[in-house]
Amino acid sequence: MTRLQIIDRWPCKMHKHDRATNYLASIMMNRFCYRTAFGLAPLCLALLLPFAGLAQSPPDITLRATNAKLVGPSVKMNHATQVAAYWKGPEDRAIWKFKAEKEGRVDILLIYGVPDQVANQPLVIAVDGKTALEGKLPSTGGYARFRQHMIGTIQLAAGNHELIFRPQQQVRGDDLVDLKAIILTPHDPRRPKSSDAPSLQPVTDMLKHLQVPEGFVIEQVAGPPLVNRPISCDFDERGRLYVTESSGGNDNVRKQFEEKPHRIVRLVDTNGDGVFDKSTVFADRMMLPEGAMWHAGSLYVTAPPHIWKLTDVDDDGIADKREVWFDGKTLGGCANDLHGPYLGPDGWIYWCKGEFQKQTYERPGKPPLVTRAAHILRRHPSGGPVEIVMTGGMNNPVDVAFTPGGERIFSTTFLRLPAGGQRDGLIHAVYGGVYPRKNGVLAGHPRTGELMPVLTHMGVAAPCGLIRLETSQLGDGFRDNLLACQFNTHKVSRHVLAPRGATFITQDEDFVTSEHVDFHPTDVLEDADGSVLVVNTGGWYMLCCPTSRLHKPDVLGAIYRVRRAGKPQVEDPRGLTLDWSVPQLEQLTQRLHDGRPAIRRRASEQLVTLGDQAVPELSQVLENSPSADARLQATWALTRIDHPSARKSVHTALTDADEQVRQAAIHSAALWKDASALPTLTALLNHKSLHNRRAAAEALGRIGNHDSIAPLLAASADYRGRFLDHSLVYALIELGNSQQVRTQLTADKAHTRRAAMLALENLAAEQLNPKSVIELLDSNEPLMADSAWWITQRHPEWAPVMADFFKQGITDPNLTPAQATSLSRQLARFSESPRIQKIMSTSLGKPNVPQTTKVVILSAISSSRLPTLPDTTWKALSQLLAEGNETLLDHTVKAIHAHAPSPLTDDLKRVANNPRRNMETRLRALASGKPGQQLADTWIPILGSELNSARPVRNRSLATDILVNAQLTDSQLIRLAPALTKTASTDLKRLLATFEQSTSDRVGNQLVAALNASPTATALDKQAVDRVLSQFHPAVSQQAKPLLDRIAAAANERAAKFDAVLDLIDQGDVRRGQEVFYGTKASCSACHAVGYRGGRVGPDLTHVGRIRDNRSLLESILYPSASFVQSYEPINLVTTDGKVYNGVLKEENAREIVLSLDAEKTLRIRHGDIEVRRNGTVSIMPQGLEKQLTSQQLADLLVFLKSAK
């Protein structure tokens, strides 16, 4: 046996309290067994030793990449994945020192990841300066897919040693390998050459980190090795659980689609104790399987871009037949194109579309629908056309649950950009509804007004799995509750639904919670006995998910069961003791009355397969059963039977005493477009149940009989909330008779006129009289005024008619702040009209127009989308500058700056040179002039002082803009250079280009001296520095060698500071951290908000402490380009004039793209001016904050961010 000890580790010291949550940390001190020459002996593989030099027997050791000294021009530590990477040649080396206390033979194992295209390149392991082993590493399938491979065996003497790992020759491709660790372990002649990395162990203590409310118990019912990384699951009628499972990789989705590394397993509980003990691979070679649904003997699985139908023909546990049931034909970078599928109570299959990929759907009798929006879609299991249920501007609708009556609730991310702690949530999806967020992808979809409301907000939760509980087994009050998985916030939440109007409200509370960062629930499922299964996928997922940025495929998942303690067990919950082989119709309909939902569902399924033979018995249930549950099941069963007698039978349920039964029957009539139900549906428009009213309107619109228009318009007179109103108006849109609708524009009832106006806006907007709509803008009825504004905003061509309205508003001396804001917004929207421009320009020049009104107009000019301002507006702005009114001057300069460069150069210089003005206004005025202007020498020290990182970020940005766009002399550059020593890294990168104006060696020497003295210069790009210095004498470049060496060493320094900051967390102070966040040095609040204070350029951080741990937060700060929060990814634009812009997409519409370039600058670019558009790789968040903040300040900042919950 050989005893090994590390006696020195570079570059980061490892402590007992090290909090690194990397690939190996999760498996600290896990044990595994292997066969030795002496038989089967357990040897503890201490993959993470807490201390150097404290290895205990058993005598194995791991040399981690994070503990290596990395030497060479290219190799460096990737802290996001905790690997040594970017190997280019023999000069790149990883070096460890260790001690062997006894002599012996040692196997050397590598834990690594490498893709096919660069695998099998030669490497060398040297011990004590001599080559000990040479070899090649086979492909693991990707850098993020780690394997263990034995490279060979060596004889090792007792004593101190040095081990070196390096490439043998120049590397082919972009890298040799991502190296996690080298393990030295006693020789075993039977050891396999390659195997799964020995870290494939679950977090064995996860169960103790899960909390449930008092009176509940939670237990693990499945985990490794039966299932490693479960994603979603569903039961068949016999209680076998089908689980979709990830391979643990996060490769590019195209690569995953080609390789199909994932699988589906079938779990069986063979002894009936509630714990699964048998696993069979049901289907391998799958693209990422995001959802599973069992239906009619087959498993339907969403694996973008397809929904698969998998059938086990011979019942051996393996899918023999694979069919593509639906092909979406798109595959986005986050694989969010499809989620689902979900079986509706109507027997149709529902799924969600996200990712904003363009998909096309054929529509019988209509042109194909081409859409990029988010949707809930549905189709009959037998195939046929796809129907759109809901449209949205959110990124990623995920899971759908159904109320007993058939209403749809779904979970979604990014229903708004993060702000005020809101982002994700639950939505009540009504047919034809268009939901948040505002997004250009919604163009072309029918709208009934503003976007539909949200049911409940969740924050940055990443909600996924969602169910409605069918039983009360969890306790009184739990039936029909929703349970939702929240991936980011490590919990399952409970949502108690209650009707309000034609929609719902929820009472929200936590159900299963955990403080463990690797508890990521992805699915929740009610078992037949009323207990609940919760799927924890583990730590593998990080694709497009910055809140789960560390790829930890070794942190495996599990499935847990939650049940009510002391609750009597349900006997035979699936009815497996019943005879299902040849049951009689009477037996099946009787089972619809059973209190066990699984039995009711199975009986319903068999009745449906009998078709019209079952209709008489089901009709009897509807007419005679005292059980509302049975009548509901009968209604849904009849809905699924394609026969006229079934349609007629459902009519009975339309007048049932139970609201949910009626709701199901109405949905049935809507689905089938049952014209024979028209009289009863029309009568339901006046029912006391607003839910029934809403669904009846939906049905009438789908049926398409124009006789329904009059009763729909009559019903709209009684406004009862947005949801009922939507369905009434949408039905009018679907009916498509604009002439009949138009007649109601002059109806006696205001809300009838309003409904007709909204419907006509979609059917034939040209038939709307602009004056009639505009007259309603001042309506005393807020709803009428809001609708008129919504329509008016969609018609910029109405600007000439709007002129009189704006004139009246501008001359109103009693505008409230809200009215002023609205007026400014509307003026900006119509500002392209010459007539509106003239009104604004004239009003600015009139002395009798109130100053508050002029501020409104100036604000409108600032936010207008005009590419250039007309001469009349420039003249009016020049006049305001000359007047010098203190109240208006700042607003005037802001309006001019928004449309820079301005022709008012001389006027602006007079403002800028006035020392009595505030500095921000002076800088903004100077920055608004034409580029290439010369600066007075007096401005150089002023601008130099404003560059100081302690100054407000807006002043620094403006000063940088001025200098970058100015024509500076050599003497000015020499005087400016010393200011660079105190400049923030973001500004320094931009200012570097300013010195390209000169070839003077004096300028070069001053620049180099300043950069050498600048603590933030190491954030500069080496190539950028080389490019600027290349225009000077080589001696100047030689003086920059210390700087270039510092830039090269910055990565290691950053890594060292990374660990130093984590070590200081316990000494962090939340108040000091708050000062750092809102201070000018880091300027975090310039882009990020906590609560309602801060900028909106970057992600909202109001609840970031709930979803991010210290390590991932620190990575975001020190390595801002390592990954990007969804919807904040940078994009790179090249314009037709050759300019290149990098920024975050703020807005996109049919005309233009709006980019946020940094905390202060927004750029509008018309689509026609864009030559190239591509994904960016560099964050607009500056790198180099570790140079501006001390380790303690960074630790304080982390404590403050973690407190944001």
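To check you understand DSSP bridge types, tell me what percent of the beta bridges within the chain (both residues inside) are antiparallel, rounded to 5. Restricted to the chain, the bridges split so that about 95 percent are antiparallel. Dividing the summed helix terms, -39500 (n - 2.57) for each DSSP H run of n ≥ 4, by the number of residues in the chain produces a 222 nm estimate of -9000 deg cm²/dmol to the nearest 500. The length gained on full extension between Arg835 and Asp871, counted as 0.36 nm times the residue separation minus their Cα-Cα distance, comes to 11.6 nm.
With a Förster radius of 41 Å applied to the C-beta separation of Asp1137 and Gln1192, the computed FRET efficiency comes to 0.30.
Inter-part distance, the stretch 1142-1184 to the stretch 74-121, computed on C-alpha centroids, equals 39 Å. For the chain, just run the numbers: alpha carbon Rg, then divide by 2.2 N^0.38 Å, N being how many residues it has. That ratio works out to 1.04. Per the Debye formula on identical point scatterers at the alpha carbon atoms of the stretch 967-1014, with no solvent, log10 I(q)/I(0) at q = 0.33 Å⁻¹ is -1.40. With a Förster radius of 51 Å applied to the C-beta separation of Thr153 and Val1154, the computed FRET efficiency comes to 0.25.
Going 7 Å from the Cα of Lys930 toward and past its Cβ, which residues in the stretch 875-893 have a backbone nitrogen under 18 Å from where you end up? Output list for this probe position: 875, 878.
Given the Cα-Cα distance of Arg916 and His457 and 0.36 nm per residue of separation, how much length would full extension add, in nm? Kindly include the intermediate steps, with their values, before the conclusion.
Numbers: separation 459, 0.36 × 459 = 165.24 nm, distance 4.79 nm.
Residue separation times 0.36 nm, minus the Cα-Cα distance, leaves 160.4 nm.
When only the Cβ of Lys, Arg, Asp and Glu is charged (+1, +1, -1, -1), the dipole of the stretch 799-899 relative to its Cα centre reaches about 240 debye. Under a 5 Å amide H cut-off, with hydrogens placed 1.01 Å from N, Glu101 pairs with Arg3, Leu4, Gln5, Gly159 among residues at least 5 apart or on other chains.
Using only side-chain charges placed at the Cβ, +1 for Lys and Arg and -1 for Asp and Glu, the dipole size of the chain relative to its Cα centre rounds to 3020 debye. Where does the charge balance sit around Asp961 when Lys and Arg score +1, Asp and Glu -1, over other residues with C-beta under 9 Å from its C-beta? That works out to +1. Coupling constants for the stretch 633-642 follow from the phi torsions by the Karplus curve (6.51 cos²θ - 1.76 cosθ + 1.60, θ = phi - 60°), and in residue order they are 4, 5, 4, 5, 5, 5, 4, 8, 9, 8 Hz; glycine and proline get x.
The H on the amide N of Trp308, modeled in the peptide plane, is under 5 Å from the matching H of Val301, Thr302, Ala303, Trp325, each at least 5 residues off or on a different chain. Taking amide H positions as modeled 1.01 Å from N, with prolines and chain starts lacking one, the residues under 5 Å from Asp399 and 5 or more places away or on another chain are Ser411. Applied to the stretch 151-163, the Karplus parametrisation 6.51 cos²θ - 1.76 cosθ + 1.60 on θ = phi - 60° returns per-residue 3J(HN,Hα) values of 8, x, 10, 10, 8, 10, 7, 5, x, 7, 9, 10, 10 Hz, with x for Gly and Pro.
Distance between the C-alpha centres of the stretch 769-845 and the stretch 954-1012: 47 Å, rounded to the whole angstrom.
With θ taken as phi - 60° and the Karplus curve 6.51 cos²θ - 1.76 cosθ + 1.60 applied, the whole-hertz 3J(HN,Hα) list for the stretch 877-884 is 5, 4, 4, 5, 4, 5, 5, x Hz, x standing for glycine and proline.
Placing +1 on the Cβ of every Lys and Arg and -1 on the Cβ of every Asp and Glu, with no other charges, gives the stretch 505-662 a dipole of roughly 180 debye about its Cα centre. Among Val650, Ile666, Thr635, pick out the residue whose Cα is farthest towards the positive end of the charge dipole of the stretch 603-698, where Lys and Arg carry +1 and Asp and Glu carry -1 on C-beta, about the Cα centre. Of Val650, Ile666, Thr635, it is Ile666.
Work out the FRET efficiency for Asn780 and Asn686 from their Cβ-Cβ distance, taking R0 = 45 Å, and round it to the nearest 0.05. According to the calculation, E is roughly 0.95. Among Ala799, Ala717, Pro289, whose Cα projects farthest towards the positive end of the dipole of the chain, with charges put on the beta-carbon of Lys, Arg (+1) and Asp, Glu (-1)? After comparing all options, I get Ala799. Among the listed pairs Lys69/Lys1187; Lys76/Lys260; Lys76/Lys208; Lys1022/Lys1139; Lys438/Lys930; Lys255/Lys1187, those whose Cα-Cα separation exceeds 27 Å are Lys76/Lys260; Lys76/Lys208; Lys438/Lys930; Lys255/Lys1187. The stretch between Thr609 and Thr852 holds 80.3 nm of extra length on full extension. This uses 0.36 nm per residue minus the Cα-Cα distance.
We did not get these values from a lab; they are worked out from the coordinates using the rules stated. No experiment lies behind these values; they were computed from the predicted model shown. In this analysis, Cβ positions are derived from the backbone assuming ideal geometry, glycine residues included, and neighbour counts consider all displayed protein chains.
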